[in-house]
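Remarks on the structure that follows.
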Amino acid sequence: MKRIAIAALAAATVFMFASCNKDKGAQAAQNVPSYQGVQAEIDPETGKVYDFGGMEVTVYDWWTNPDAPANSKSEEDQRAFRKWLMDTYNFKIVQKDLAGWGDHPKEVANLIMSGTKDNVVFIIDGRSAISGLQNDFWYDLGKIKNVNWNKAKWNKGIMDRLRSGNSFYTFNTGKTEPREGVIFNKRILEENGYDPDYPYDLQKEGKWTWDTFEEMCRKITRDTNNDGVIDQYAMASFYTCFGIAAAYSNGGAKVKMQNGKFVDAIGDENSMEAWNWMYKMFQNYQLPQGDAQWDYWQTAFVNGEVAFCVMQEYICQPNGTLSQMKDDWGWVCFPLGPKSDGKYFTIGDSTMWALPNIYDDATANKIMKIVDFYTDDVPGYDDPDSWKTVSYLQGFRDDRALDETCALMVANAPERLDTIIPDYSGEYMVNMIAHGWMTPQEAYESEKAEIQSKLDAVNK
């Protein structure tokens, strides 16, 4: 405001303008739509509530039927909130299946290569991620300017999965679903002189380590009738879950990212230490398979034959395998190795959202802002602990599994990189180690060249 000589006139003028602006501001605030305390967002370009002019967006996955009725109160509330978002910001968005799981990657590629005129976003997995990046299918989300990627809702691990510097190509929201962990039989622990919650206590004190786990396995694995044959084994674990968890627990992995390139991490010092420890654990404490089916370990644990089972969380879910188990059980993180960072964890292998690289920057920004709104937390469900209410986490037998173990897991869930490399597995090596058919070094050397060739192919 221009200075004027008469102070009284200046004061009066400022007061008049301030009052006027205050009235207009109050009127503007009253006109901004809100939903249960959530106020509509203002477009900084226009100074008004965002208006997308009826823009339509489709999110394609391989499982959603948009016509299916809501199956819970939370889903009803989510639909109501999303309707308000669409009405308020003048857009339409629908999530639905493009094809079944098996055909999804092919149909994603077909739709992109056909040059679709529709506004689409894809939910993908490792089968499409790298191949899509190699074919320039994915838009660089680092160029999106109207989405705040620092919001707590964005899953940073998934954003970093295909990242090079400031460029990234995948995203998702929410906490990573817990995966690899250790299930323990409380009855067997008690029969062997342990408090039934002992693994929980060790974990809480930061003492749940390879050493303490192995010490328990050593005590539990024994010849109970002195006939020279082991009758009680400590564990029956799925070797694929044990192997990858052991590597990550010691600062290792199968594949890591260095300077924007995927590199073989199976043979590095930390990973190899983990494979050697796994070899020892399986040779000494794992219930032998014999002539049983490949998933004998699962049956053995449910039947109360062993104390420990390293497996993924899904068998703990309300309708999972452990719902049939007579004995009481608990759930802890995988123990920490000597080269760990001291943080308990789980390993993510999540689905990813990706925007096809077929839009100009203006259109891409609009689509992503609509997706930003679509993925916002529903009012009343945005409590920091709301993740604990999801249906698949309601199958645990005690509170500590959710409040302690799962809380540690969702706070530290690095995403796997090996599962997004086309035709890459690495399971052969872990299988050889678990069954004692090869030493870890022998198993690694046997497929080292093949692994490197697949990494070279994606690094071109």
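Compactness of region 74-134 was expressed as the Cα radius of gyration divided by 2.2 N^0.38 Å, which yields 1.41. Taking one quarter of the surface of the convex hull spanned by the alpha-carbon atoms of region 97-230 gives a direction-averaged projected area of 14.5 nm². When only the Cβ of Lys, Arg, Asp and Glu is charged (+1, +1, -1, -1), the dipole of the chain relative to its Cα centre reaches about 2020 debye.
Listed by chain and number, the lysines whose alpha-carbon sits under 24 Å from that of residue 151, ignoring those within fewer than 8 places in the same chain, are 48, 83, 92, 143, 175, 343, 366, 369, 388. Across region 207-332, the relative contact order, built from alpha-carbon pairs under 8 Å that are at least six residues apart, equals 26 percent.
Once region 349-421 is represented by equal point scatterers at the alpha-carbon sites, with solvent omitted, what log10 I(q)/I(0) does the Debye formula produce at q = 0.12, 0.17, 0.18 Å⁻¹? Each listed q corresponds, in turn, to -0.57, -0.94, -0.98. By how many degrees, 0 to 90 and rounded to 10, does the Cα axis of helix 361-374 deviate from the longest principal axis of the chain? The helix 361-374 is inclined about 70 degrees to the chain. Taken as Cα centroids, region 197-219 and region 249-312 sit 17 Å apart, rounded to the nearest whole angstrom. Taking other residues whose beta carbon is less than 9 angstrom from the beta carbon of residue 373, and scoring Lys, Arg as +1 and Asp, Glu as -1, yields -1. Placing dummy labels 7 Å off each Cα toward the beta-carbon, the span from residue 357 to residue 269 is 3.8 nm. Let a ≥ b ≥ c be the square roots of the eigenvalues of the Cα gyration tensor of region 254-409; is it rounded (a/c under 1.5), or, if not, prolate (a/b larger than b/c) or oblate? Because a/c hits 1.5 or more and a/b fails to exceed b/c, region 254-409 counts as oblate. Principal-axis analysis of the Cα atoms of the chain puts helix 269-285 at an angle of about 50° to the longest axis.
When the scattering of the chain is computed by the Debye formula from its Cα atoms alone, each counted once and equally, what is log10 I(q)/I(0) at q = 0.08, 0.11 Å⁻¹? Results for the chain at q = 0.08, 0.11 Å⁻¹ read -0.58, -0.98. Evaluated over the Cα positions of region 313-359, the convex hull gives a direction-averaged projected area, one quarter of its surface, of 6.8 nm².
Once the other residues with Cβ under 15 Å from the Cβ of residue 95 are scored (Lys, Arg +1; Asp, Glu -1), what is the net sum? Before the final figure, lay out each step's value.
Working: positive: 79, 82, 83, 92, 96; negative: 56, 61, 67, 75, 97, 118, 372, 376.
Once positives and negatives cancel, what remains is -3.
Protection proxy ranking for 51-59, 226-234, using the average of other Cβ atoms within 10 Å per residue and placing the highest first: 51-59, 226-234.
Were the residues from residue 143 through residue 412 laid out at 0.36 nm apart, the gain over their Cα-Cα distance would be 94.1 nm. In this simple spin-label approximation, residue 389 and residue 48 carry label points 7 Å from Cα along the Cα→Cβ vector, and these lie 3.6 nm apart. The calculated FRET efficiency for the pair residue 113 and residue 223, based on their C-beta separation and a Förster distance of 60 Å, comes to about 0.40. Across region 193-276, Cα-Cα pairs more than 22 Å apart make up 44 percent of the total. Per-peptide packing, taken as the mean over residues of other Cβ atoms within 10 Å, places 323-333, 435-445 in the sequence 323-333, 435-445 from highest down. Bridges between two residues of the chain, per DSSP, are antiparallel at a rate of about 65%.
Among 208, 46, 344, which residue has its Cα positioned farthest towards the positive end of the charge dipole of the chain, with +1 placed on the Cβ of Lys and Arg, -1 on the Cβ of Asp and Glu, and the dipole taken about the Cα centre? After comparing all options, I get 46. Across the chain, the mean sequence separation of Cα contacts (distance under 8 Å, 6 or more residues apart), normalised by length, yields a relative contact order of 21 percent. To the nearest 10 degrees, how steeply does helix 440-459 sit against the main Cα axis of the chain, on a 0 to 90 scale? Its long axis makes an angle of about 20 degrees. Extents of region 116-169, largest first, come to 29, 24, 19 Å (Cα atoms, principal axes, whole angstrom). Take 151-158, 307-314 and order them by the average number of nearby Cβ atoms within 10 Å per residue, most first; the result is 307-314, 151-158.
Between residue 164 and residue 96, the modelled labels are 3.6 nm apart [label points 7 Å from Cα along Cα→Cβ]. Which of the three applies to region 320-460, rounded, prolate or oblate, going by the alpha-carbon gyration tensor with a ≥ b ≥ c and a/c under 1.5 meaning rounded? Oblate. In region 38-79, the C-alpha radius of gyration followed by the widest Cα-Cα span (Dmax) gives 15.2, 39 angstrom.
Values quoted throughout were computed directly from the atomic coordinates according to the rules given, and no laboratory measurement underlies them. If you're wondering where the values come from, they're calculated on a predicted model, not measured in any experiment. A quick note on method: Cβ atoms are made from the backbone with ideal geometry, for glycine too, and the neighbour counts reach across all protein chains shown.
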